[in-house]
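The values are calculated or read from the model by the stated rules, or taken from the named source; none is laboratory data. Remember, predicted model here, so these are calculated numbers, not experimental data. Here the Cβ positions follow ideal geometry from the backbone for every residue, glycine too, while neighbour counts run over all protein chains shown.
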Amino acid sequence: MNDEQQIRMEAEHDADPRVDLAVERTMLALERTQLAWIRTIIGLITAGIAIDRGFEALHAARLVTGEAWVRNGHLAGLVMTISGTFLIIISSVYYIRRMRELGRMLHRPSRLLDPGLILSLFISVVGLLVIYFMLLV
């Protein structure tokens, strides 16, 4: 082992414990942010479903009276649901990458099966299923 590696190892060993606490606080803030994204996306997907069903009822009434502009009226709900699902997938990928980086800073493996990530994956699957059934109907 050369001198540079020896100095680096000693510096890492003698690091300030406040750095570890700062990394822990950052990890907790990242978890809170992920849970906020989940809450927002649940609202977005739910609003997409409600708008889709509302426009479907309105569209059916307009078809009966002959005032409908188009034959399919659920584009707005579909766009909201697709964008919500896309956003939760993007935020989950960012969350995983950032947690791995922070885990490396603490010199321990990151735990990827935390509740925030499991809930994110569940919401992603639900969003994809909702999109599938919206396109099917």
Condition met for Gly48 (at pLDDT 90 or above and not aliphatic (A, V, I, L, M)): yes
Gly48, sole failed condition from (1) touching a residue at least 12 places away in the same chain (Cβ under 8 Å); (2) closer than 30 Å to Arg18 by Cβ: (2)
Options Gly127, Gly116: the member that is under 13 Å from the mean Cα position of the chain (by Cα) and under 28 Å from Arg53 (Cα atoms): Gly127
Quick one: Ala76 ticks every box in (1) touching a Gly at 6+ places or on another chain (Cβ under 9 Å); (2) closer than 30 Å to Pro17 by Cβ except a single one, so which number is it? (2)
Going through (1) part of a helix (DSSP H, G or I); (2) acidic (Asp, Glu); (3) surrounded by fewer than 18 Cβ atoms within 10 Å (Cβ to Cβ) one by one, Asp52 fails only at (3)
The lone condition Glu67 fails out of (1) surrounded by 14 or more Cβ atoms within 10 Å (Cβ to Cβ); (2) part of a loop (DSSP other than H, G, I, E, B) is (1)
Against the definition (over 23 Å from Leu129 (Cα atoms) and either in contact (Cβ under 8 Å) with a residue 12 or more places away in the chain or over 11 Å from the mean Cα position of the chain (by Cα) (or both)), how does Ala60 come out, yes or no? yes
Within segment 85-102, residues of a type in the set (Val, Ile, Thr) and surrounded by 14 or more Cβ atoms within 10 Å (Cβ to Cβ) come out as Thr85, Ile88, Ile89, Ile96
